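Asks: A single structure is presented below for examination.
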Amino acid sequence: MTGIGYEVPDTPAWRALAAHHRVVRGLHMRALFAQDPGRFERFSRRVEELLFDFSKHRITGETLELLLALAREADVEGWRARLFSGERVNLTEGRAAFHMALRNLSGRPMHVDGEDVMPRVRAVLRRMRAFVEAVRAGDWRGHTGRAITDVVNIGIGGSDLGPRMACEALRPYGRGGPRVRFVANVDGADLADTLADLDPETTLFVVASKTFSTQETLTNARSARAWLVERLGTEAAVARHFVAVSTHRERVAAFGIDPDNMFEFWDWVGGRYSMWSAIGLPIALRIGWEGFEALLAGAHAVDEHFRTAPLADNVPVLMALLGVWYRNLFGAATHAVLPYAERLRRLPAYLQQLEMESNGKRVDRAGRVVGWHTCPVVWGEPGTNGQHAFFQLLHQGTELVPCDFILPVEGHEPELAHHQRILVANCLAQAEALMRGRTEAEARAELEAEGLSGEALERLLPHKVFPGNRPSSLIVVPRLTPRTLGMIVALYEHKVFVQSVLWGTNAFDQWGVELGKRLAGAILAEAEAGQVAAGHDSSTSALIRHCLLR
Ligand code: F6P
């Protein structure tokens with residue numbers, strides 16, 4: 001027990017950590033910084049050009065030792081080796097989780113079930129490259145002979161969030177490429193708004209679905225095809241305007257897309273780990289092949305770091321341990337991701353799927369209900385916008401919210417360099433403010449300096465106090481480039497894996513998405529039959545009548 005109502009696993013390392021937590025939880029980071037002028041050096045690490053500062057956390061050297069002991073006890077190193085050796089770490093689906101092979105630029109073979117998958121990976125990359133270059137050069141032409149100007153990616157979840165996030169993040173690298181849009185929601189508004197100003201003659205649809213059975217994606221893809229065929233007047237147009245990305249050749253063919261226009265990936269690539277596969281096709285179309293390779297190279301650099309660095313210097317391991325420290329010992333229910341880069345505005349949504357679909361689990365790998373908390377709610381928005389919205393709660397609310405600040409130092413707008421300085425200053429200031437806070441004495445002195453005294457001062461004083469001691473990490477890159485984006489995403493992927501090891505969960509399945517899908521199918525069938533079936537609760541029955549049987 002931690003003494004705050006949360007259980008931790010009953011093992012020596014967890015027990016030692018819980019006992020230590022009781023001793024250090026009252027320490028203030030201000031004091032820790034004051035005691036140790038070398039704190040930043042001690043609690044920061046680099047992965048090539050990326051800096052990870054974790055000095056503004058409620059930890060001491062002993063905390064770090066105990067967290068590392070936890071990682072050793074859970075056999076993080078053993079699990080890491082299993083992951084990289086292509087073992088079926090996704091036990092419930094009997095699959096490897098081998099997304100690292102997709103960006104393995106080392107020439108080293110990587111095996112799943114005794115097969116080196118690298119020749120297949122490289123073959124698909126070659127096909128993608130040829131296609132991307134043909135589209136970008138205007139050599140791949142639409143049915144009426146015109147070049148492609150717009151790409152619409154139709155996919156959802158892992159077949160949407162990664163490419164969508166990356167295309168926005170890498171906008172400055174898009175010169176010379178087609179415009180790329182994304183349709184995910186089955187809400188017809190999404191497709192209608194996307195198609196409204198598009199010219200079918202110059203539009204290419206990428207239907208992206210690992211399973212090629214997802215209701216939303218197939219519904220959107222069918223409607224998009226009908227739109228195209230109606231406007232171009234022939235089914236024959238589909239061949240030049242539709243390509244597919246999937247693991248499922250037969251379903252792609254059954255949908256009516258020529259399997260020659262399909263880019264393949266494999267069941268050892270999880271949906272939320274798939275932006276490095278052919279699912280990244282829209283990214284490559286947008287930023288060009290060199291840019292896409294740089295994205296892969298950034299992720300590969302982090303794979304090599306994660307695979308080889310000792311635990312104490314291993315950034316994804318440290319990120320995972322810090323997450324567990326707050327989730328399981330302090331009871332923090334949420335975790336904020338705050339990119340100080342407008343173009344990373346979709347990163348929190350991307351990380352929501354990565355973290356919450358991976359580790360939002362209530363049973364361990366053996367199927368036993370766990371007695372401790374797993375993944376927190378992940379959320380966030382870019383700074384500085386968030387500062388004028390929810391940061392109030394981060395500073396003075398009653399919840400402890402550990403934060404990740406993500407900061408590219410340079411922008412891409414030399415003519416607006418002063419904006420970038422303001423942005424960077426704000427980011428550093430927020431992390432400092434969260435850590436330092438403002439004591440009552442400081443608040444009093446400031447109010448006095450403003451000329452307040454007596455009752456007026458006393459009335460305002462408690463509102464002006466910031467407790468501080470609120471933890472944050474800083475992930476700093478020189479610039480937001482394809483390479484540094486690849487690095488950032490891969491750090492989080494491996495963090496999620498390490499947390500799954502610490503919590504005992506399987507990070508690579510997602511059974512929790514099934515029940516709603518099944519029930520939606522049943523309700524839809526009832527709506528089509530015009531009759532509510534027995535077995536619903538009274539609320540659901542009444543709502544089906546109210547909304548669908550009119
Ligand atoms: O419903 C959840 C999910 O299965 C995700 O895991 C996945 O990324 C998404 O749906 C889309 O699946 P698909 O790529 O097979 O269409």
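Asks: I want to confirm something. Restricting to region 238-295 and keeping residues that are acidic (Asp, Glu) and not in a helix (DSSP H, G or I), which single residue is farthest from the ligand (Cβ to nearest atom)?
Replies: My answer is ASP258.
Asks: Still on this structure: Determine, yes or no, whether GLY291 is closer than 27 Å to GLY177 by Cβ, of a type outside the set (Lys, Arg) and at pLDDT 95 or above.
Replies: Spelling it out, GLY291 is indeed closer than 27 Å to GLY177 by Cβ, of a type outside the set (Lys, Arg) and at pLDDT 95 or above.
Asks: Cβ-Cβ under 7 Å, sequence separation 6+ or interchain: first residue in region 496-525 and closer than 29 Å to LEU549 by Cβ and away from the ligand (no atom under 15 Å from the Cβ), partner part of a helix (DSSP H, G or I) and at pLDDT 95 or above. Which pairs?
Replies: What qualifies is ILE523/ILE544.
Asks: With respect to the numbered conditions (1) surrounded by 13 or more Cβ atoms within 10 Å (Cβ to Cβ); (2) without any contact (Cβ under 8 Å) to a residue 12 or more places away in the chain, which one is the sole condition not fulfilled by ALA31?
Replies: Condition (1) is where ALA31 drops out.
Asks: For region 471-488, check the following and say yes or no: at least one residue is part of a loop (DSSP other than H, G, I, E, B), hydrophobic (A, V, I, L, M, F, W, C) and over 30 Å from ARG436 (Cβ atoms).
Replies: Checking region 471-488: not a single residue is part of a loop (DSSP other than H, G, I, E, B), hydrophobic (A, V, I, L, M, F, W, C) and over 30 Å from ARG436 (Cβ atoms).
Asks: Okay, next question. Tell me which helices (runs of 4 or more DSSP H) are completely within region 1-101 and hold 3 or more residues being more than 29 Å from the chain's Cα centre (by Cα) and not small (Gly, Ala, Ser), or say none if there are none.
Replies: Answer list for region 1-101: 12-24, 29-35.
Asks: For residues that are in a loop (DSSP other than H, G, I, E, B) and surrounded by fewer than 21 Cβ atoms within 10 Å (Cβ to Cβ), scanning just region 383-394, find the one that is farthest from the ligand (Cβ to nearest atom).
Replies: So, considering only residues that are in a loop (DSSP other than H, G, I, E, B) and surrounded by fewer than 21 Cβ atoms within 10 Å (Cβ to Cβ), the one farthest from the ligand (Cβ to nearest atom) is THR384.
Asks: Out of the residues in region 144-163 that are surrounded by 24 or more Cβ atoms within 10 Å (Cβ to Cβ) and under 15 Å from TYR273 (Cβ atoms), state the one that is farthest from the ligand (Cβ to nearest atom).
Replies: PRO163
Asks: For GLY177, are the conditions met, namely being in contact (Cβ under 8 Å) with a residue 24 or more places away in the chain, more than 16 Å from the ligand (Cβ to nearest atom) and assigned to a loop (DSSP other than H, G, I, E, B)?
Replies: Here the answer is yes, as GLY177 does meet what is asked.
Asks: So, in region 185-221, of the ones that are outside any loop (DSSP other than H, G, I, E, B), touching a Gly at 6+ places or on another chain (Cβ under 7 Å) and within 9 Å of the ligand (Cβ to nearest atom), which residue ends up nearest to MET262 (Cα to Cα)?
Replies: The residue in question is ALA208.
Asks: Given the residues GLY360, GLY331, GLY371, which is the only one that is modelled with pLDDT under 95 and either surrounded by fewer than 23 Cβ atoms within 10 Å (Cβ to Cβ) or of a type in the set (A, V, I, L, M) (or both)?
Replies: It is GLY371.
Asks: Given the structure, is ALA507 farther than 27 Å from LEU400 by Cβ, under 28 Å from the mean Cα position of the chain (by Cα) and surrounded by 23 or more Cβ atoms within 10 Å (Cβ to Cβ)?
Replies: So ALA507 does not fit the description; no.
Asks: Turning to a different aspect of this structure: Can you confirm whether region 120-141 contains a residue that is surrounded by fewer than 17 Cβ atoms within 10 Å (Cβ to Cβ), among the small types (Gly, Ala, Ser) and within 30 Å of THR505 (Cβ to Cβ)?
Replies: Looking for residues that are surrounded by fewer than 17 Cβ atoms within 10 Å (Cβ to Cβ), among the small types (Gly, Ala, Ser) and within 30 Å of THR505 (Cβ to Cβ), one finds none in region 120-141, hence no.
Asks: What tally of residues in region 348-371 results from selecting those that are among the charged types (D, E, K, R) and without any contact (Cβ under 8 Å) to a residue 40 or more places away in the chain?
Replies: 2
Asks: Another question about this same structure. Which of the residues that make up region 436-467 are in contact with a strand residue (DSSP E or B) (Cβ under 7 Å, 6 or more places away or on another chain) and either closer than 22 Å to PRO408 by Cα or of a type in the set (Gly, Ala, Ser) (or both)?
Replies: GLY437
Asks: What number of residues within region 466-481 are buried (at least 24 other Cβ atoms within 10 Å of the Cβ) and more than 30 Å from HIS28 (Cα to Cα)?
Replies: Selection size over region 466-481: 1.
Asks: Looking at (1) without any contact (Cβ under 8 Å) to a residue 24 or more places away in the chain; (2) not in a helix (DSSP H, G or I), which one does ALA134 not meet, given that it meets all the others?
Replies: (2)
Asks: Does GLU399 satisfy the criteria of being touching a residue at least 60 places away in the same chain (Cβ under 8 Å), surrounded by fewer than 14 Cβ atoms within 10 Å (Cβ to Cβ) and farther than 30 Å from ALA301 by Cα?
Replies: Criteria met by GLU399.
Asks: Quick check: is even one residue across region 364-371 on the phi < 0 side of the Ramachandran plot and part of a helix (DSSP H, G or I)?
Replies: Checking region 364-371: not a single residue is on the phi < 0 side of the Ramachandran plot and part of a helix (DSSP H, G or I).
Asks: Can you run down the residue pairs with Cβ atoms below 9 Å, 6 or more apart or on separate chains, where the first is in region 332-347 and over 19 Å from LYS495 (Cα atoms) and the partner is among the hydroxyl-bearing types (Ser, Thr, Tyr)?
Replies: That search, which allows pairs on different chains as well, returns TYR340/THR384.
Asks: Before we move on, is VAL302 part of a strand (DSSP E or B) and either away from the ligand (no atom under 14 Å from the Cβ) or surrounded by 24 or more Cβ atoms within 10 Å (Cβ to Cβ) (or both)?
Replies: It is false that VAL302 is part of a strand (DSSP E or B) and either away from the ligand (no atom under 14 Å from the Cβ) or surrounded by 24 or more Cβ atoms within 10 Å (Cβ to Cβ) (or both).
Asks: Please find, within region 395-411, the residue that is farthest from ALA332 (Cα to Cα) out of those that are in a loop (DSSP other than H, G, I, E, B) and touching a helix residue (DSSP H, G or I) at 6+ places or on another chain (Cβ under 7 Å).
Replies: My answer is GLY411.
The values are calculated or read from the model by the stated rules, or taken from the named source; none is laboratory data. Note that the structure is predicted; figures quoted are calculated from it, not measured. Glycine gets a Cβ as well: all are built from the backbone with ideal geometry, and neighbour counts include every protein chain shown.
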